[in-house]
Amino acid sequence: MSNATKLKIGLLILALVIPALPFVSHYLLHVIILIYLYMILALGLNIIPGFNGLLDLGYVGFYGIGAYTSGLLTFHFGLSYWLIIPLAFLNGALWGVLLGAPTLRLTGDYFAIVTFGFSELVVLFLTNEIWLTRGPLGLPGIAPPSVDLSWFGGPVWEFQGELPYYYLAIVMVLATVFVMHRIQNSRLGRAWFAIRDDEVAAVSCGINLLVYKVIAFGISAAFGAMGGSFFARWVTFLSPDMFKFWESFLVLCMVVLGGMGNIWGVMVGAAVLVSLSEVLRDVLSALGMPVEIRFLAFGLIMVLMMRYRPAGLMPIPAVAAQMRVGKVKRKKVKRTATAG
Amino acid sequence: MKALGKGLVLGLALVFCLGTAAMAADTIRIGVASPFTGDLAAYGDNIKAGVNLKLKEINGAGGVNGKKIELVWGDDLCQPKEAGTVASKFANDKSIVAVIGHLCSSATLAGMPIYVRAKMPVISPTSTNPTIGDVGKGWFFRNCYTDAFQGKYLASHVVKELLGLKKVAIFYENNDYAIGLKDSFIGGAEASGLQVTGAEAYVAKTTDFTPQLTKLLKDKPETIFLCGYHPEGALIAGQARKLGFNGPLFGADGLDNIDYIKIGGEAANNTFMTVPFLAAAAGPDAQKFAEAFKAETGREVDWMSANAYDCLAIVAEVIAKVGEDRQKIRDGLAAYNSADNGFEGVTGLTYFNEKGDCSKPAFVKKVEGGEFVPAE
Amino acid sequence: MFLQQLVNGLTIGGIYALIAVGYTMVYGVIQLINFAHGEIYMLGAFFAVTFILGMGMPFYLAFLLAMACGAICGMLLDVIAYRPLRQSPRLACLITAIGMSIFLQNLAMLIWGSRPRPFPSDTLPAWFDKTWHFSQFSLTGFHLFIFAATIIMMLGLNLTIKKTRFGKAMRAVAQNKTMAALAGINVNKVITLTFAVAGSMGAAAGLMVGAFYNSLYPTMGYLAGVKAFAAAVLGGIGSVPGAMLGGIVLGVAEAMGAGYLSSLYRDGISYGVMIIVIVFIPAGFFGVVIKETKKSI
């Protein structure tokens, strides 16, 4: 067993026993669950810039779609969460495909802008269509998930407190990691990497660019929606202003910070940024400064990261090479200029 | 890779340390949740001023049951998500026995399910949305009136009787507070025989209202209902005047802030608003409170500060009777259930119905000559 | 009502045009969407208020000085954040731009507080308040000032691009950086100066909006920036006349949409326009579709 695997297993065991430790408060569990949630989102987003080399600025749109799917189905029909997970997943995938099909043939910048516009339209729709989403009135009192064993005479057990959510989140993260890992090493993943490295070469190998890109986008959106479905039934309150562009940027930061394309890297990125956010929240309010400016730190971190470590903290070799390409070229030009 | 693993554990350790937060000192801890930063920080300042004044009085007199009261501040930015985090923090801190807040109805709505699950009594000085009582399941109380009452009052009393006008245009913000208020106003308008010539919605932070105002003014309303908060209300007033509208404007408690006059300037004159508390019109206790407030903060008292002051007073009185147990405090608050069993404070008599709502009178004030004056 | 909505639309449209040319010029020379441009717009307004209130300057002087500050901020943005990444992949530049935007917004919040503040309207020239009421619409002196300022700046910009050496250099760099360098043009200097021009116009726009609508707040650049970007795309990204036309069209469309259709989806009009234009007619009115030959990341 390699060192890396040992470390991962160690962390998993640690994660499983954290709630039992004596000094762990509910608030801390809340934060760690938030970390797990963002891990799922970051893993989902990672597909686009990491595996496909595109920039998705509208990820929060799918997050919101998943959350409202989950919230509305629970609010109006009392649907069980275990049914909602696949439904949210599929709804996210559907919208991913609908958005991706006409837009994925665009080049990087334009695609980024279109995704941004899409997520803003999603927020506007959620805010204004009060008959469907209750808009700014919000959806309060969404029921927590429950395990209903009554059909064979067992009890109905509703999630209470943070503990059940904690373990559910771990399961979801593990499932996501597993799926990502398998995709990465499958034909699908290899096709994506080929597209990212050189589109022309990929096409000449017989890869249909649009189909693979749309599949990627659909899967990414599906995981975003799944994360959203968990979010809805965890905080039990939804309102459209929870799904603003800022969330997309935050998840993007996690992917970039951790190392695009690296599954473990983005998980670390998620953990670091969420922890940083909460630490800054406490530090700033202790210092008497407005809590919102913790985002200032994030902006600064991103700028510095792009300047000095554009491939992230734990980059995978392919992405690192790509990000370095530009810099190598510049050095070469300088040398010939002085030589000549 | 190993180094990063260590770094990760270290990072988590840091979060652990913060999670273990303050050990309960020998004080009575009460949470106060409001927007203390952000766009509506001005309102949070009001709450802070009100509770701090009462805190000074209580602790100065020796505290409650021999213990001083300690306030724990939670900044919810008037946003549901932050409110949820603050609520979670308060609910899971076993040393906090009651919460005063939140300020915005949407924040309270977001926090209530968490408080209900944690069995934490909550009293809000300012949340006026009528549905909170249903979500609160007996754990929510408020000492301000609800928008169901305020909207009708605006229609029947302010527009019909005070202003004597019939045609009203409504400009409302697309959020829970304003939508609830607008709906109840329209209901009251129908009952009072008023004519609503048009209703336009806007989102917060809009600065250009001219297209919608143009549309509303086309139907020649006699007065415009500024159904929202003061930042936008002031701008609408200014732009309406620029477009040639000279009639009176009116609004509700959301407009009640000195910034309305500061931002609106000349245009703010001839605006009427309903407020839960008006020092000039209230009794001698209230006058004394108003003077003490002015001495302490250097500015005139407003209804949010007054309500917050009373909230802390009510909670302190209940704790003095039943001790520091959340369930007992809730029951103690619920015991104020009729005019005979009410709490007499600077904002008048407060008692709650089974949903935690209370009925309080409304007062009307207006802006004249760049100042707030009573309107009747 | 139609004429009044037209007046409303032209006013806000002129503002969008001023901001949009900033986006389009920068995109023309370095193919970067400068997300932080909206923040320069915001800073222009705040600097002006600081000059007027803090130093007692008269309005016109504060206006010019704010424009100068906008130019300086634009240049600083380029030199500090974008120039080091000149050879980096696009993704890095885009993320840096977003990061700078967020950084500047929060910096403004730290310095000036996040509450909306009014513009000191008593310091505006008196003729701004003069109103002319016509049967179908009203016009104030301030409207006229905005129209005049916008038109003058647009004409000035057009002249600069077409007639001056700097304008020629800018067009050359936009066409092909390598060739421009070979022709002896200091590419970096031209780019930085382009940022300066863009920044000055953005700051002017911000100042006028802050004063006209009487509200300044640190996040005001976000929405205006997005809409102006939509305008630039509509006009054809990279084309300055396109951005001007796009801005005006978008402003009028917004006013008409808010007035006749739904005011709630007012912002949605910009997003919708942007998406439809990009997906179906990426060249916009006057633009040229840039074919990307290297990898998109």
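The values are calculated or read from the model by the stated rules, or taken from the named source; none is laboratory data. Everything numeric here is computed off the predicted structure, so don't read it as measured data. Cβ: placed from backbone, ideal geometry, glycine included. Neighbour counts: every protein chain shown.
How many residues are of a type in the set (A, V, I, L, M, F, W, C) and closer than 30 Å to A:Val235 by Cα when one looks only at the stretch A:162-201? The number of residues fulfilling the criteria is 13. Being buried (at least 16 other Cβ atoms within 10 Å of the Cβ), assigned to a helix (DSSP H, G or I) and within 14 Å of chain A (Cβ to nearest Cβ) is the requirement here; does C:Ile161 meet it? Answer is no for this residue. Exactly one residue among B:Phe293, B:Phe277 is over 22 Å from B:Asp39 (Cα atoms), part of a helix (DSSP H, G or I) and away from chain C (no Cβ under 14 Å), and that residue is B:Phe293.
So that you can scan it fast, the table gives a plain yes or no per residue for (1) without any contact (Cβ under 8 Å) to a residue 40 or more places away in the chain; (2) part of a loop (DSSP other than H, G, I, E, B):
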site: B:Glu324; (1), (2): no, yes
site: B:Lys328; (1), (2): yes, no
site: B:Leu333; (1), (2): no, no
site: B:Ser338; (1), (2): yes, yes
site: B:Phe352; (1), (2): no, yes
site: B:Asp357; (1), (2): no, yes
site: B:Val364; (1), (2): no, no
site: B:Val367; (1), (2): no, no
site: B:Phe372; (1), (2): no, no
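Which ones in the stretch B:192-219 are of a type outside the set (D, E, K, R) and part of a loop (DSSP other than H, G, I, E, B)? Passing the criteria: B:Gly193, B:Leu194, B:Val203, B:Ala204, B:Thr206, B:Thr207, B:Phe209. With respect to the stated conditions, A:Ala318 is at pLDDT below 70, under 21 Å from A:Gly44 (Cα atoms) and out of contact with any Leu (no Cβ under 8 Å at 6 or more places or on another chain). Looking at the stretch C:189-212, is at least one residue buried (at least 22 other Cβ atoms within 10 Å of the Cβ), within 14 Å of another protein chain (Cβ to nearest Cβ) and more than 15 Å from the chain's Cα centre (by Cα)? Taking every residue of the stretch C:189-212 in turn, at least one turns out to be buried (at least 22 other Cβ atoms within 10 Å of the Cβ), within 14 Å of another protein chain (Cβ to nearest Cβ) and more than 15 Å from the chain's Cα centre (by Cα). Those helices (runs of 4 or more DSSP H) of the stretch C:9-116 in which 1 or more residues are within 14 Å of another protein chain (Cβ to nearest Cβ) and over 30 Å from C:Lys177 (Cα atoms) occupy C:37-49, C:90-112. For B:Phe352, the criteria (1) surrounded by fewer than 22 Cβ atoms within 10 Å (Cβ to Cβ); (2) closer than 30 Å to B:Ala91 by Cα hold in every case but one, which is (1). Among the residues making up the stretch B:230-261, those that are in a helix (DSSP H, G or I) and closer than 17 Å to C:His143 by Cβ are B:Leu235, B:Gly238, B:Gln239, B:Ala240, B:Arg241, B:Lys242.
Quick grid of which residues meet (1) within 13 Å of B:Lys167 (Cβ to Cβ); (2) crowded, with 21+ Cβ neighbours inside 10 Å:
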{"position": "B:Phe185", "(1), (2)": "no, yes"}
{"position": "B:Ala191", "(1), (2)": "no, no"}
{"position": "B:Gly198", "(1), (2)": "yes, no"}
{"position": "B:Ala204", "(1), (2)": "no, no"}
{"position": "B:Asp208", "(1), (2)": "no, yes"}
{"position": "B:Pro211", "(1), (2)": "no, yes"}
{"position": "B:Lys215", "(1), (2)": "no, no"}
{"position": "B:Lys220", "(1), (2)": "yes, no"}
{"position": "B:Tyr229", "(1), (2)": "no, yes"}
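Only one of the listed residues (C:Ala169, C:Ala148, C:Ala174) is aliphatic (A, V, I, L, M), over 19 Å from C:Ile15 (Cβ atoms) and modelled with pLDDT of 90 or more. That residue is C:Ala169. Just one of the listed residues (B:Gly244, B:Gly254) is at positive phi and either surrounded by fewer than 20 Cβ atoms within 10 Å (Cβ to Cβ) or touching a residue at least 12 places away in the same chain (Cβ under 8 Å) (or both), namely B:Gly244. The residue that is nearest to the other protein chains (Cβ to nearest Cβ), counting only those in the stretch A:232-291 that are over 30 Å from A:Thr133 (Cα atoms) and of a type in the set (S, T, N, Q), is A:Ser275. Yes or no: the stretch A:120-143 includes at least one residue that is surrounded by 24 or more Cβ atoms within 10 Å (Cβ to Cβ), more than 9 Å from chain C (Cβ to nearest Cβ) and among the charged types (D, E, K, R). No, the stretch A:120-143 contains no residue that is surrounded by 24 or more Cβ atoms within 10 Å (Cβ to Cβ), more than 9 Å from chain C (Cβ to nearest Cβ) and among the charged types (D, E, K, R).
When B:Val318, B:Val364 are checked against the criterion of being outside the structural domain of B:Asp134 (by TED's automatic domain parsing) and not charged (D, E, K, R), B:Val364 stands alone in meeting it. A single member of B:Thr197, B:Thr146, B:Thr207 is under 19 Å from the mean Cα position of the chain (by Cα) and β-branched (Val, Ile, Thr), and it is B:Thr146.
Any residue in the stretch A:96-107 that is of a type outside the set (Val, Ile, Thr), more than 14 Å from chain C (Cβ to nearest Cβ) and either assigned to a helix (DSSP H, G or I) or surrounded by fewer than 24 Cβ atoms within 10 Å (Cβ to Cβ) (or both)? Within the stretch A:96-107 (the criterion being of a type outside the set (Val, Ile, Thr), more than 14 Å from chain C (Cβ to nearest Cβ) and either assigned to a helix (DSSP H, G or I) or surrounded by fewer than 24 Cβ atoms within 10 Å (Cβ to Cβ) (or both)), the answer is yes, since at least one residue qualifies.
Looking only at the stretch B:95-114, filter to residues that are facing another protein chain (nearest Cβ under 9 Å) and within 21 Å of A:Leu29 (Cβ to Cβ); which one of those is surrounded by the fewest Cβ atoms within 10 Å (Cβ to Cβ)? Selected residue: B:Pro113. Only one of the listed residues (B:Pro130, B:Pro121, B:Pro80) is in contact with a strand residue (DSSP E or B) (Cβ under 7 Å, 6 or more places away or on another chain) and either farther than 20 Å from A:Glu278 by Cβ or more than 12 Å from chain A (Cβ to nearest Cβ) (or both). That residue is B:Pro121. Of note, A:Gly206 does not satisfy the criterion of being part of a helix (DSSP H, G or I) and either out of contact with any helix residue (DSSP H, G or I) (no Cβ under 6 Å at 6 or more places or on another chain) or away from chain B (no Cβ under 14 Å) (or both).
Filtered by the rule that a residue be under 23 Å from A:Ile142 (Cβ atoms) and outside any helix (DSSP H, G or I), the stretch B:143-189 gives B:Asn174, B:Asn175.
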